[in-house]
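Engineer: Submitted below is the structure of interest, expressed as structure tokens.
The values are calculated or read from the model by the stated rules, or taken from the named source; none is laboratory data. Remember, predicted model here, so these are calculated numbers, not experimental data. All Cβ positions, even for glycine, are placed from backbone atoms using ideal geometry, and neighbour counts span all protein chains on display. Only protein heavy atoms, including side chains, enter the accessible area calculation; ligands, DNA and RNA are left aside. Shrake-Rupley method; radii C 1.70, N 1.55, O 1.52, S 1.80 Å.
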Amino acid sequence: MNGLGAKDFARDMAISFKRLLNLEDEPLEALAGCAGLDGDAVETLVSWTGRPIGDVRMEFRAEAFVSRSLRNPTVRGCPVCLREDVEAYDDPPLEAMVMRGDWQFREVVLCLRHHHPLVPLWTAAHPSDRHDIGARLNEIAHDLMAGKLDQQIQSPTPYDFWLDGRLENGRDATWLAQHDLYSAASFCRILGRELLRLDSPADVGEISLEMRSRARGFEVASKGEASILAALKELMQFAISRNLEITGALGDLFYRRKSSVSFDLDCFAPFHRILRQFAVENWPIETGGFVYGKPFPERILHSVRTASTETGLGRDLLGQLLVEVGAVDPKDNRPEAWKTFPVKEYALFLSEVPSWLGSLEIRQAMGASRREFNTLVQDQVLTPRTRLPNVKKIWCPSDGMELVANLKAAASPITKEDDNWEKLQDAKNRSGISVGALIGAIRSGDLQVGARDGQTGYQSICVLKQEVDRLARPTGTPRPEDCLPASSFERSIGLRTKGRFLALVRKGHTPATRMRHPTTGAWQYFMTEADIAAFHHRFMTLSSMANEFGSHRHTYLTTLRFADVAPFAPDGEDYGHLYLRTDIEPVLRRHRLIT
């Protein structure tokens, strides 16, 4: 007004210019006295200026903002507003021009009064120079009045009106109303910038990049969490189509740093929670990896690629194995980095795969001959971990070693000279009883087992010849003509899948009598009255329930499912709708299906 600079004015009035810039109470009161401002006017002035509140934050319009979002070396404004101030005022231009408080917030990019973008007015590194508004405006007054700072007019977007309403009086009818303005507006900008990658060039129009990114983000974020997650899915599909990783999918939305100003602000927590949830559910983040400011205590997802890195197996082979065990959908055509599966469910599988052995290696580890090993495989005592034709190492060593260890744990020591004992393979050849059935008899306690001195591993396991003979031809063994073939019995109890009942027998879960067929002479299993009684004493099927208790099989199936009674499936074996009698009778009594 009198050509006096801000610093000199403050000095003449005994006001600390530095303390005034920090909006401290004493210099503010002095300024208010000089300018004749009442308390409301000072409060409004401070509210639109922003007061430091520590921890690189400022209070602005009754909300907390990161300081750098309001204080920047480059000061922006609307040249049309400033020129309009001059044109409406008769006194010198510097007395007329007024700097608007909302221009400070970096997320404000458009003047809603004139639809003119905010433009840089001046840049000054030192705050005292930067905020000496009169001096800086005097430097650009000529260009300002000549229209040299003008830019192309832009049409306002819903984002611009929303932000203006929040700054003016806090009005907000969107999902963002529950979040701090600084974090909400910042998130709109970052999200929108990533979403612009999904738009075609035809969607660009004449709107500026700054306005487009904020408008695009606001369009999604204003609708809430479901809308945000749906947009993140779109970004994920975009990344998959270009074989990018999650950092390529989320861009600046994906933070790995341990800490930053944003992470230190509680206002960002709701957005971090949404992004973190998306990352956890869609990306194989390693144990200890920092995502959105928090470390992962343990890996939740693996991808084919990360699992390959950890196990040392080739991606192609591991991918086929994961399809075989059900971890990966065979129809999943995504890149290996995006084919994910839960770690806990397949952790044991991944830990065992690198230790798989070939047939010779596992035979040697078990101490079994080729014939003995092949017999164990034929009787399904040992099963390969994969059926892939191009894989040679298909045996898990723990399967073979646990079999030997369990047999030896139950074995009594026997001398080399004791010929009352014979190896399992010899017992099978002599009696016709399968090795699987012999091992089943050992496990059930019907057959003694010994370990011969001087021998190791599987070859040391022996059984008593006399007991094998009793199992092969017990006293009073009935004739095949008087017995029911096991296959017929299987059908009579409703186990329709061929082979399940024989597997049950070979595993030693229920008895059956092996005899030669009276016509063909071939060895096969028959069910004696004792065998049938033993089965029904221990097991029940839906058909046997219907026969024994009278209700329809579907009634029992529904009741058992409702009571969470699981079928008999030791070690994951599948025998269909086969149940332990001790499991189901209490349930049926409880539901008054039996008395």
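Engineer: I'd like to check which helices (runs of 4 or more DSSP H) are fully inside segment 327-437 and have at least 3 residues that are under 30 Å from residue 283 (Cα atoms) and touching a strand residue (DSSP E or B) at 6+ places or on another chain (Cβ under 8 Å).
Structural biologist: Ranges flagged: 343-352.
Engineer: Output the number of the condition that residue 156 fails; it satisfies all remaining conditions of (1) open to solvent by less than 60 Å² (accessible area, probe 1.4 Å); (2) in a helix (DSSP H, G or I); (3) not aliphatic (A, V, I, L, M).
Structural biologist: Residue 156 satisfies all of (1) open to solvent by less than 60 Å² (accessible area, probe 1.4 Å); (2) in a helix (DSSP H, G or I); (3) not aliphatic (A, V, I, L, M) except (2).
Engineer: Taking the options 64, 35, name whichever one is modelled with pLDDT of 90 or more and either loosely packed, with under 13 Cβ neighbours inside 10 Å or of a type outside the set (D, E, K, R) (or both).
Structural biologist: Residue meeting the stated conditions: 64.
Engineer: Tell me which residues, restricted to segment 556-580, are without any contact (Cβ under 8 Å) to a residue 12 or more places away in the chain, under 15 Å from residue 507 (Cα atoms) and among the hydrophobic types (A, V, I, L, M, F, W, C).
Structural biologist: 569
Engineer: I would also like to ask the following. Could you check residue 207 against (1) closer than 27 Å to residue 58 by Cβ; (2) in a loop (DSSP other than H, G, I, E, B) and say which number it fails?
Structural biologist: (1)
Engineer: Out of all the residues in segment 223-236, which are over 14 Å from residue 187 (Cβ atoms) and either charged (D, E, K, R) or loosely packed, with under 15 Cβ neighbours inside 10 Å (or both)?
Structural biologist: 226, 230, 233, 234
Engineer: Just wondering, is there one or more residues in segment 439-450 that are closer than 21 Å to residue 359 by Cα and small (Gly, Ala, Ser)?
Structural biologist: no
Engineer: I would also like to ask the following. Under the condition of being part of a loop (DSSP other than H, G, I, E, B) and over 15 Å from residue 488 (Cβ atoms), which residue from segment 520-546 is most open to solvent (accessible area, probe 1.4 Å)?
Structural biologist: 520
Okay, residues lined up against (1) of a type in the set (Asp, Glu); (2) under 18 Å from residue 329 (Cβ atoms); (3) not in a loop (DSSP other than H, G, I, E, B):
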position: 274; (1), (2), (3): no, no, yes
position: 281; (1), (2), (3): yes, yes, yes
position: 286; (1), (2), (3): yes, no, no
position: 306; (1), (2), (3): no, yes, yes
position: 309; (1), (2), (3): no, no, yes
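Engineer: Anything in segment 381-399 that is surrounded by 15 or more Cβ atoms within 10 Å (Cβ to Cβ) and in contact (Cβ under 8 Å) with a residue 40 or more places away in the chain? List them, or say none.
Structural biologist: Answer for segment 381-399, where residues must be surrounded by 15 or more Cβ atoms within 10 Å (Cβ to Cβ) and in contact (Cβ under 8 Å) with a residue 40 or more places away in the chain: 381, 386, 391, 396, 397.
Engineer: Residue 272 versus (1) surrounded by 16 or more Cβ atoms within 10 Å (Cβ to Cβ); (2) touching a helix residue (DSSP H, G or I) at 6+ places or on another chain (Cβ under 7 Å): which is the lone unmet condition?
Structural biologist: Only one criterion in (1) surrounded by 16 or more Cβ atoms within 10 Å (Cβ to Cβ); (2) touching a helix residue (DSSP H, G or I) at 6+ places or on another chain (Cβ under 7 Å) is unmet by residue 272, namely (2).
Engineer: Looking at segment 103-143, which of the residues that are assigned to a helix (DSSP H, G or I) and of a type in the set (A, V, I, L, M) is least open to solvent (accessible area, probe 1.4 Å)?
Structural biologist: 137
Engineer: Could I ask something else about it? Restricting attention to segment 46-86, which residues are assigned to a strand (DSSP E or B), touching a helix residue (DSSP H, G or I) at 6+ places or on another chain (Cβ under 8 Å) and closer than 24 Å to residue 120 by Cβ?
Structural biologist: The answer is 52, 58, 60, 65, 66, 75, 76, 77.
Engineer: Looking at segment 167-186, which of its residues are within 36 Å of the chain's Cα centre (by Cα) and charged (D, E, K, R)?
Structural biologist: 172, 180
Engineer: Criterion first (among the hydrophobic types (A, V, I, L, M, F, W, C) and in a loop (DSSP other than H, G, I, E, B)) does residue 323 satisfy it?
Structural biologist: No.
Engineer: Testing residue 151 on (1) touching a Gly at 6+ places or on another chain (Cβ under 7 Å); (2) over 30 Å from residue 20 (Cβ atoms), one condition comes back false. Which one is that?
Structural biologist: The single condition residue 151 does not satisfy is (1).
Engineer: Output the residue which, of all residues in segment 452-503 that are in a loop (DSSP other than H, G, I, E, B) and aliphatic (A, V, I, L, M), is farthest from residue 399 (Cα to Cα).
Structural biologist: Going through the qualifying residues, I end up with 493.
Engineer: A further question on this structure: Residue 421 is checked against (1) surrounded by 19 or more Cβ atoms within 10 Å (Cβ to Cβ); (2) within 50 Å of the chain's Cα centre (by Cα); (3) not aliphatic (A, V, I, L, M) and fails just one. What number does that condition carry?
Structural biologist: (2)
Engineer: Open to solvent by less than 60 Å² (accessible area, probe 1.4 Å), farther than 30 Å from residue 155 by Cβ and in a helix (DSSP H, G or I): does that describe residue 239?
Structural biologist: The answer is yes for residue 239.
Engineer: Just to be sure before I move on: is residue 166 closer than 23 Å to residue 225 by Cα and open to solvent by 60 Å² or more (accessible area, probe 1.4 Å) in the structure I sent?
Structural biologist: So residue 166 does not fit the description; no.
Engineer: In this structure, is residue 446 among the charged types (D, E, K, R) and either over 24 Å from residue 363 (Cα atoms) or touching a Cys at 6+ places or on another chain (Cβ under 7 Å) (or both)?
Structural biologist: Spelling it out, residue 446 is indeed among the charged types (D, E, K, R) and either over 24 Å from residue 363 (Cα atoms) or touching a Cys at 6+ places or on another chain (Cβ under 7 Å) (or both).
Engineer: Only one of these is among the aliphatic types (A, V, I, L, M) and open to solvent by 50 Å² or more (accessible area, probe 1.4 Å): 86, 98. Name it.
Structural biologist: 98
Engineer: Return the residue satisfying two criteria in turn: it lies in segment 489-500 and is without any contact (Cβ under 8 Å) to a residue 24 or more places away in the chain and of a type outside the set (Asp, Glu), and of such residues it is nearest to residue 431 (Cα to Cα).
Structural biologist: Per the stated criteria, the residue is 499.
Engineer: State yes or no: is residue 199 modelled with pLDDT of 95 or more, farther than 23 Å from residue 116 by Cβ and open to solvent by less than 70 Å² (accessible area, probe 1.4 Å)?
Structural biologist: For residue 199, the condition - modelled with pLDDT of 95 or more, farther than 23 Å from residue 116 by Cβ and open to solvent by less than 70 Å² (accessible area, probe 1.4 Å) - is not met.
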